[in-house]
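Student: Mind having a look at this structure? Questions to follow.
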Amino acid sequence: MRAAAHVAPRLQSPQGMMDPIKAAFRDMVFAVRSLRRTPGFTFIAILTLGLGIGANTSMFSVLAGYQLRPSPYPSSERLERIYRATPQISRGSVSSADYLELKTDTSGYGQVATYGNASMNLSEPGQAAEMVPGLRISANLFSVLGMEPGLGRSFRPEEETPGNHRVLIISHRYWQNRFGGDADIIGRQVRVDGEPFQIVGVMPENFSDWRHLSFINLYRPLALDDEEKNDRSTIWLRLVGRRSDAIPPARAGEFIASVGKRLAEDFPVENAESNWHTVPIGKSWVEASAAGVMTMLVGLSGFVLLIACSNLANLLLARTMARAREFAVRGALGASRARLLLPLLIESLLVALAGGALAVFVASWTFDWIAVASGGDSGNVGVVLTLDWRVLGWLFGVSLFTAVAFGVVPAMFAQRLDLNSTLKSGSRGSTADRGHQRFRQFLIVGQFVLAMVLLAGAGLFIHGLHELNNRRHGWESDNLVTGTVLLPAATYGTDEKIRDFQRLTLERFEALPGVTSASLSYSMPFFGLAETRKYVVAGREAPQAGHEPAAVINGVTPQYFETVGTPLLSGRAFNAGDTLTSPRVFIINAAMARGLFGDQSPIGQRISQAGVESGESGEIVGVVGDVQSVWAEPDPVLYQLYQPMAQEPRRLNEIAVRTTGVPPAALVESIRATMMSLDPDLPVRRLQPAEETIAVANYQLGVLRSLLSALGLLGLGLASLGIYGVMARTTIQRRGEFGIRIALGAQAGDITRLVLRSGATLALLGAGIGLMGALAVAELLAMAFPRMEIQNVPILLGVTLLLVAIGLLACYIPARSASKVNPNDTLRAE
């Protein structure tokens, strides 16, 4: 028989058993030859599994990189982050005064260090100044983390005293990029914020990773001044603790909690409803919501893998049924069931391992892309993923899982073949029985269910992120140029000098051609107002300490509201008469006006900052519209308050320049030149059109959007490939049936519709079931990103139609082929 030619493994003789090693080798050779005889199937199988396993491995690597990768610091099992939690923020910073309170007695815990963000202007003779991300740190931060400079020395305790603080430690990356790896860097003099600083140390390259402090280039001593030492309202310091090995974790946690409780009792205005707690540093890299999103990514990538598995199980089942007569012949010649099925299992294993090898390249490419995309445009270090033993173990386990998933089931169906009926059927009956057909249909429906979940989840998230990035609530970014400037304390050490610089800057900006207005402020509205203060209404009974209404504040110049497009609803804006020596005035947002005064007009009412003994009350002179940021997380505080920048000048200034008749990008260089004419050593950070700044603000969500899109498109492609492959093979196996139908009078269109109808039914059923899964994914996304409008009926409808359309297209080519069957050839073969 011709089929007997395919019987590669020699049958066991009755007198003895074949050597097991030789038998295994023969089975392996036969499996390789069988795969080589069907290069199309082999290529599709390996490619499909490579993409599926690669996608799943990549997403697992993200999760493992954040949560399973060890901390970069030695003995990190005793290293913890200490947080001040409030009803709005679970992992908050602390004030400098509260830090000093904790520092007075840490006997019940161990060592505590602190750091706070402090961008710095660094300059050298003959080189342009630049604003560099940096930290003010306690002298013991590096020792608490268990790391010391690779070159030079760490800070000394006496250098935390103002006046002795002009020393600097730089990152290894900044040493290479800015100073070219100069071996004589220790002792080099630079200017930081206009003052001479000496570089005393360079941190080693492995000091931190992308999860912690990776974006920091400069470190300077904390050096708190007298005002900062007594400030409990400004929350800006992060705490790190190394628990003593003599103190159990539970008791150390109780000690930190007791400190927070005591501070809440002693200073209720600033600390009421707050509590302190510790989190092991290895579990502090991501928030719970972010961890949930990463887990969801692994789950969705698992959907892609399941699509690949079901796809290949279907193809392999069709291929197995096509070889039914071969198995029947081999069985008739004496081969046992195990001998018949072993080559199928070896084929599955070979394909799975080859797919796993391809997945290594897919994952490596994904790692490189994520590293670049997650770094944004700020020069920060992006997420760095590696193929460590965890990831490789996961990849190997997934490869074995796929071998079982798409190899065992078809083999079990092959084991159920009736050899006698298969031999009698000749070339008929090769489409397998109804059980086989139902199983194949179940796999196709399952693929479309999973593809629907992936596509809908990606589509809903893309729509939500687009709406979020283009939301303009209370401000307008068109025709706006923004930037950040930090005035050095050495040059602008008094309020008078700061005000003079700000006045001259705005005059120069407004004189530029095409500029309609310009302003300076503490912060830009599209990124929210960061600093929170509590206020009380004059003439009313004071609320219980700690329960005063809180508002986020912003200091602005007179043309701010006109420049950023925040509408003035009632009263007046600030003007040149609102100075440091004039009575204090405030402007509040509509939510604060409603919350504090109801239907009564707030204009003329007086409020004062709670807990500030010398704080004078100020008059409310205006009400403006509510402002919402572009962040996906909801703003924790609804009340917003504005004060004249002249009445509380600050050295950190956000520039905003509105243009008319001139594209914003065309004015960037003119604005930069104006700033250089005012102070050549004063760098402006991110001076660019506001639209560009906003576009990259949510770049991390953009990475998530790209990952979801890739998973959705990959799932759709694999599902389409699966239904096409199955329908094509099924059509070939049903050629005899189609030939008979045509011989009995069926038209080509009838055959085409018959095949299309079967495919469309499966696609519609899969899309309908998948719609419920898509709604569940939408709920998960909505919980993770409350500010994003995830639910969208047109998106769900569009994805459903797209999925069905692609399913029909995947069926159309096999359907056209089926309609061209020659009935004479078919009947002659029968």
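The values are calculated or read from the model by the stated rules, or taken from the named source; none is laboratory data. Here the structure is a predicted model, which is why all the values come from computation and not from measurement. We place every Cβ from the backbone using ideal geometry, glycine too, and count neighbours over all the protein chains shown. SASA here: full protein model, heavy atoms, side chains in, ligands and nucleic acids out. Shrake-Rupley method; radii C 1.70, N 1.55, O 1.52, S 1.80 Å.
Student: With unit charges on the beta carbons (Lys and Arg positive, Asp and Glu negative) and the dipole taken about the Cα centre of the chain, which residue among A778, G355, I694 sits farthest to the positive side?
Tutor: G355
Student: From Cα pairs below 8 angstrom and at least 6 apart in sequence, can you work out the relative contact order of region 435-594, rounded to a whole percent?
Tutor: 20 percent
Student: In debye to the nearest 20, how big a dipole does region 671-737 give about its Cα centre with +1 on each Lys and Arg Cβ and -1 on each Asp and Glu Cβ? Intermediate results must be reported in sequence, preceding the final value.
Tutor: Working: 7 positive and 5 negative charges, 105 e Å.
Magnitude of the dipole: close to 500 debye.
Student: Now a separate question. For helix 664-678, what angle does its Cα long axis make with the longest principal axis of the chain, in degrees from 0 to 90 and rounded to 10?
Tutor: 40 degrees
Student: Along the charge dipole of region 523-610, Cβ charges K/R +1 and D/E -1, which of G539, P558, I607 sits furthest on the positive end?
Tutor: In region 523-610, that residue is G539.
Student: Could I ask something else about it? From largest to smallest, what semi-axes in whole angstrom does region 748-824 give when each is the square root of 5 times an eigenvalue of its alpha carbon gyration tensor? Could the numbers behind the result be given before it?
Tutor: Working: eigenvalues 288, 18, 12 Å².
For region 748-824, the semi-axes come out at 38, 10, 8 Å.
Student: With a cut-off of 8 Å between alpha carbons and a minimum separation of six or more residues, what is the relative contact order of region 107-217 in percent?
Tutor: Relative contact order here is 28 percent.
Student: Charges on Cβ only, +1 for Lys and Arg, -1 for Asp and Glu, centred on the Cα centroid of the chain; of I813, S95, M452, which one is farthest towards the dipole's positive end?
Tutor: Highest projection toward the positive end goes to I813.
Student: While we're looking at this one, here's another question. Quote the charge dipole size of region 131-234 about the Cα centre in Debye, to the nearest 20; the model charges only the Cβ of Lys and Arg (+1) and of Asp and Glu (-1).
Tutor: 280 debye
Student: Percent relative contact order of the chain, based on C-alpha pairs within less than 8 angstrom and at least six residues apart?
Tutor: Once divided by the residue count of the chain, the mean separation gives 16 percent.
Student: About the Cα centre, and with charges only on the beta carbon of Lys, Arg (+1) and Asp, Glu (-1), how big is the dipole of the chain? Nearest 20 debye, please.
Tutor: 5800 debye
Student: Starting with the highest mean, order 35-44, 151-160, 443-452 by the number of other Cβ atoms within 10 Å, averaged over the residues of each peptide.
Tutor: Values: 35-44: 13.7, 151-160: 16.2, 443-452: 27.4.
The packing order, highest mean first, is 443-452, 151-160, 35-44.
Student: Where in region 601-660 are there GluC sites (Glu not before Pro) that are in a DSSP coil and have at most 12 other Cβ atoms within 10 angstrom of their Cβ?
Tutor: E613, E616
Student: To continue, here is another question. How much area per residue is accessible in region 466-546 when the probe is 1.4 Å and only protein heavy atoms are counted (Å²)?
Tutor: Using a 1.4 Å probe on heavy atoms only, each residue of region 466-546 averages 44 Å².
Student: While we're looking at this one, here's another question. Quick one: how many Å² of R741 are accessible to a 1.4 Å probe, rounded to 10?
Tutor: 100 Å²
Student: If I fit a long axis through the Cα atoms of helix 434-469 and take the longest principal axis of the Cα atoms of the chain, what angle between them do I get, 0 to 90°, rounded to 10?
Tutor: So the helix axis and the longest Cα principal axis differ by about 20 degrees.
Student: Considering only protein heavy atoms and a 1.4 Å probe, what is the carbon-and-sulfur percentage of the accessible area of the chain?
Tutor: 58 percent
Student: Using helices alone, what [θ] at 222 nm do you get for the chain, with -39,500 (n - 2.57) per DSSP H run of 4 or more residues, divided over all residues and rounded to the nearest 500?
Tutor: Using -39500 (n - 2.57) per qualifying helix, the result is -16500 deg cm²/dmol.
Student: HN-Hα J couplings of region 540-555 from phi, Karplus 6.51/-1.76/1.60, θ = phi - 60°, integer Hz, Gly and Pro as x?
Tutor: Values per residue, Gly and Pro as x: 10, 5, 5, x, 4, 3, x, 10, 5, x, 9, 9, 7, 10, 8, x Hz.
Student: In terms of the Cα gyration tensor, with a ≥ b ≥ c the square roots of its eigenvalues, is region 131-179 rounded because a/c is under 1.5, prolate because a/b exceeds b/c, or oblate?
Tutor: Oblate shape, in that a/c is at least 1.5 and b/c is the bigger or equal ratio.
Student: Can you work out D for region 524-653 in µm² s⁻¹ from Stokes-Einstein, where Rh is the Kirkwood radius over C-alpha pairs, the temperature is 4 °C and the viscosity is 1.567 mPa s?
Tutor: 86 µm²/s
Student: Right, something else. Taking only protein heavy atoms and a 1.4 Å probe, what accessible area per residue, in Å², does region 654-757 have with all protein chains in place?
Tutor: Result: 43 Å² of accessible area for each residue.
Student: Would you list, by chain and number, the lysines whose Cα falls below 29 Å from the Cα of K820, excluding same-chain residues fewer than 8 positions away?
Tutor: Straight-line reach from K820, under 29 Å: K424.
Student: Which of these values of volume of the Cα convex hull per residue in Å³ was calculated from the structure shown: (i) 195; (ii) 217; (iii) 350?
Tutor: Of the listed options (i) 195; (ii) 217; (iii) 350, (ii) comes from this structure.
Student: For region 83-145, place one equal point scatterer on every Cα, skip the solvent, and apply the Debye formula. What is log10 of I(q)/I(0) at q = 0.15 Å⁻¹?
Tutor: Relative scattering, expressed as log10 I(q)/I(0), comes to -0.65.
Student: Relative to the longest principal Cα axis of the chain, at what angle does helix 495-510 sit, 0 to 90 degrees, rounded to 10?
Tutor: 60 degrees
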